[in-house]
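Chemist: Okay, here's the structure, questions in a sec.
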Amino acid sequence: MSRAEMDRLGWTELDVLLVSGDAYVDHPSFGAALLGRWLVSNGFRTGIVAQPRWTGPDDLKVMGRPRLAAGVTAGALDSMLAHYTAFRKKRREDAYTPGGLAGARPNRACLVYAGLVKQAFPGLPVLLGGVEASLRRITHYDFWTDRLHRPILLDAKADVLLYGMAERGLLEVCRRLDAGRPPADPAVPGAAYIGSRAALPAGAEVVELPSHEEMLADPSRLLAAALAIERQVHQARAWAVQPVGGRALVLTPPGPLETAELDRLYALPFTREPHPAYAGRTIPAADMIRASITSHRGCGGGCSFCTLSAHQGRTVRSRSADSIVAEAAAMAAAPGFSGSISDVGGPTANMWGAVCTGDPGRCRRSSCLFPDICPRFAVDQMSLIGLLRRVGAVRGVKHVRVASGIRHDLALKDERYIRAMVRDFVGGQLKIAPEHLADEVLRLMRKPGAGTFERFLGIFDRESAAAGKRQFLVPYLISAFPGCTPAHMEALARWLAGRNWRPEQVQCFIPLPGTVAAAMYWAGTDPDGRRIPMARTDAERLALHGLLRDGERPGRPGRPNRPRRAGKGRR
């Protein structure tokens, strides 16, 4: 992060500069740290400028001009989501900033940082990456301006965009630049660039996307594009092309790391701590994830609103058990370890080790789990329990918890897994995401029906009681989703009140760029083209949200719900 640190390493210049909207925390859950360690391990001297001031380019110049390129990311969140609530009110906190204070990154950070790089280092190749860029890689709906925006690569005037988890693509681009070749090429995995369809390999499978102009003219074309992008990413070998203003945006097939590569990546010497420059200032996200372990990437759920699935894809890529246990041992041996591992998981904890036994190239499903669990989606959840027990047996580890949430319909495939989780790996609370209980809304979300959730609740209560534990489920719920009506929200509020639940994790739907749900919101239809109810104004959305957040006990106006007493198993 400084010239002094370069001098101590014996570096006269950087090869690559990474500019991030997050503080620099040397933990593999932080993208800039992960990619920085990856590049250094592959021979590229890398510097990080974290949360630079955007009034001028001086903060980017502290380590000099990098030899090859600058990579730009908004950080772990889309910068607009980091700044604004579902009702467009400014947030007061930012968990990825020292002190938890909001305002350390600009709106539309990718665009601003790319502009700063061009001011600081004219002619230097600019690479976009991270969630903000990944979800905006084609024409996308922007909730905060309520209109369609063209691909972010064009507005940023960058050379190439690397979508998803970009280790393989970033390394290939750096090697190309080091050899004097242009960064954008069909050979770069997981890339978006302005190019020519004719340059794609002979016989390449190509997904043709509606043009930007077609999407502007017909809202339904955005939905068609979102569904097509899902297929392109899941098939893992298809290219995609979108015409934009007489040019062609080319998307190469994704390049996820395999197990051995993930093992090497997570074995790099992360300190798991914030950079010393932040001494005395707490970074909330760093505290939250310090004792966590990432076991896998990707999620087969394919929920229509989920940015993780859109970013990482549906194909699960898992680390080996030995790699995860080795990370736990290194964590336990580090000074200051508390004895508790807060999480072993990923986008969905109980998908570690999941594989598709079919041919993704021929798959036409939008989800591996909806409307039912695909018979070709194979996962041994008791192997995960075995892994957790191995982690718990590491010297110095007293407790192992799973905090990243589980998919309850998948858990029901093996009640032994639920029993073991409840008895050994739930620290009083288990996160679960039913999202809603109206089957019409759940269908649009691509989530299992209410009956599935209630069955899981019964087993959770039973097993908690059998273990003599007072434990609770923490349900995540979404209000004002496309297709949701006041009747749906009232029914959900009555269901919760009837069980004396006072939900705390209620999120009003935000149509985030790149998701199928955002395209549904813009088009006003479901994926089959049927018109659906839509709360579009803030007043309409707030009214639906209020039906759940302010729900009252039936027949007892003005009386708030209270948590259930001990022994009832949930709240």
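Quick note: the coordinates plus some simple rules give every number you see, no bench work behind them. Everything quoted here is computed from the prediction, not taken from an experiment. Ideal geometry is used to build each Cβ from the backbone, glycine not excepted, and the neighbour counts take in all protein chains shown.
Chemist: Please state the charge dipole magnitude for region 3-197, taken about the Cα centre, from unit charges on C-beta atoms (+1 on K and R, -1 on D and E), reported in debye and rounded to the nearest 20.
Modeler: Here the size comes out at about 420 debye.
Chemist: Taking the Cα centre of the chain as the origin and placing charges on Cβ (Lys, Arg +1; Asp, Glu -1), which of Ala329, Tyr113, Leu18 is farthest toward the positive end of the dipole?
Modeler: Ala329
Chemist: Which trypsin sites (Lys or Arg not before Pro) from region 109-165 combine a DSSP loop assignment with at most 14 other Cβ atoms within 10 Å?
Modeler: Qualifying residues, ordered by number: Lys157.
Chemist: Moving to a separate point now. State which entries of Lys398/Lys469; Lys90/Lys157; Lys61/Lys157; Lys61/Lys90 exceed 22 angstrom in Cα-Cα distance in the structure shown.
Modeler: Violating the 22 Å limit, Cα to Cα: Lys90/Lys157; Lys61/Lys90.
Chemist: Here's a follow-up. Compute the projected area of the convex hull of the Cα atoms of the chain, averaged over all viewing directions, and report it in nm² to one decimal place.
Modeler: The Cα convex hull of the chain, projected and averaged over all directions, gives 25.9 nm².
Chemist: Using DSSP to define loop residues, name the GluC sites (Glu not before Pro) in region 138-243 whose beta-carbon has at most 16 other beta-carbon atoms within 10 Å.
Modeler: Glu205
Chemist: Cross-link partners among aspartates and glutamates for Lys89, C-alpha distance below 20 Å, same-chain residues fewer than 8 apart left out?
Modeler: Qualifying aspartates and glutamates at Cα under 20 Å: Asp78, Glu132, Asp142, Asp146, Glu504, Asp538, Glu540, Asp550.
Chemist: Compute the Cα gyration tensor for region 95-170, then decide on rounded, prolate or oblate, letting a ≥ b ≥ c be the square roots of its eigenvalues: rounded whenever a/c is under 1.5, prolate when a/b is larger than b/c in the other cases, and oblate in all that remain.
Modeler: rounded
Chemist: Still on this model: Let a ≥ b ≥ c be the square roots of the eigenvalues of the Cα gyration tensor of region 3-197; is it rounded (a/c under 1.5), or, if not, prolate (a/b larger than b/c) or oblate?
Modeler: Oblate, because a/c is 1.5 or more while a/b does not exceed b/c.
Chemist: Separation between the Met288 and Asp146 pseudo-spin-labels, each 7 Å from Cα along Cα→Cβ, expressed in nm?
Modeler: Taking the simple label geometry, Met288 and Asp146 are separated by 3.0 nm.
Chemist: Here's another thing I want to ask about it. Using 0.36 nm per residue, how much length does the chain from Arg499 to Lys413 gain when fully extended, once their Cα-Cα distance is taken away?
Modeler: Extra length from Arg499 to Lys413 when fully extended: 28.4 nm.
Chemist: Take the Cα of Leu101, step 7 Å along the line toward its Cβ, and report every residue of region 255-281 whose backbone nitrogen sits under 18 Å from that point.
Modeler: So the set is 275, 277-281.
Chemist: What does region 291-427 give for Rg and for Dmax, in Å, if only its C-alpha atoms count?
Modeler: 15.4, 50
Chemist: Using Cα pairs closer than 8 Å and at least 6 residues apart in sequence, work out the relative contact order for the chain, in percent.
Modeler: 12
Chemist: In which sequence would Leu148, Leu492 go, from the one with the fewest C-beta neighbours within 10 Å to the one with the most?
Modeler: Leu148, Leu492
Chemist: What number, in percent, do you get for the relative contact order of region 91-136 if the mean sequence gap of Cα pairs under 8 Å and at least 6 apart is divided by its residue count?
Modeler: Once normalised by length, the contact order is 22 percent.
Chemist: Specify which residue in the list Pro274, Val516, Val206 is farthest towards the positive end of the charge dipole of the chain, using unit charges on the beta carbon of Lys, Arg (+1) and Asp, Glu (-1), about the Cα centre.
Modeler: Final value for the positive-end residue is Pro274.
Chemist: Set the Förster distance to 41 Å, then compute FRET efficiency between Ser320 and Gln119 from the Cβ-Cβ distance, nearest 0.05.
Modeler: With a Förster radius of 41 Å, E is 0.40.
Chemist: Please state the charge dipole magnitude for the chain, taken about the Cα centre, from unit charges on C-beta atoms (+1 on K and R, -1 on D and E), reported in debye and rounded to the nearest 20.
Modeler: Magnitude of the dipole: close to 1580 debye.
Chemist: Another question about this same structure. Among 354-361, 481-488, 448-455, 398-405, how do they line up by average Cβ neighbours within 10 Å per residue, starting with the highest?
Modeler: Per-residue Cβ counts within 10 Å, averaged per peptide and sorted highest first, yield 481-488, 398-405, 448-455, 354-361.
Chemist: Let me ask another. With Cβ to Cβ distances under 13 Å as the rule, what net charge do the other residues near Arg443 carry (K, R +1; D, E -1)?
Modeler: Summing Lys/Arg as +1 and Asp/Glu as -1 gives -3.
Chemist: Could you calculate, for region 165-211, the ratio of the Cα radius of gyration to the Kirkwood radius, expressed as Rg to Rh?
Modeler: 1.00
Chemist: Mind checking which lysines have their Cα closer than 22 Å to the Cα of Lys447? Skip sequence neighbours fewer than 8 apart in that chain.
Modeler: Qualifying lysines at Cα under 22 Å: Lys413, Lys431.
Chemist: If you average the C-alpha positions of region 460-492 and of region 82-130 separately, how far apart do those two centres end up, in angstrom?
Modeler: 35
Chemist: So what is the relative contact order of region 352-449, in percent, for Cα pairs below 8 Å that sit 6 or more residues apart?
Modeler: 28
Chemist: Would you mind giving the average projected area, over all directions, of the Cα convex hull of region 339-490 in nm² with one decimal?
Modeler: 10.2
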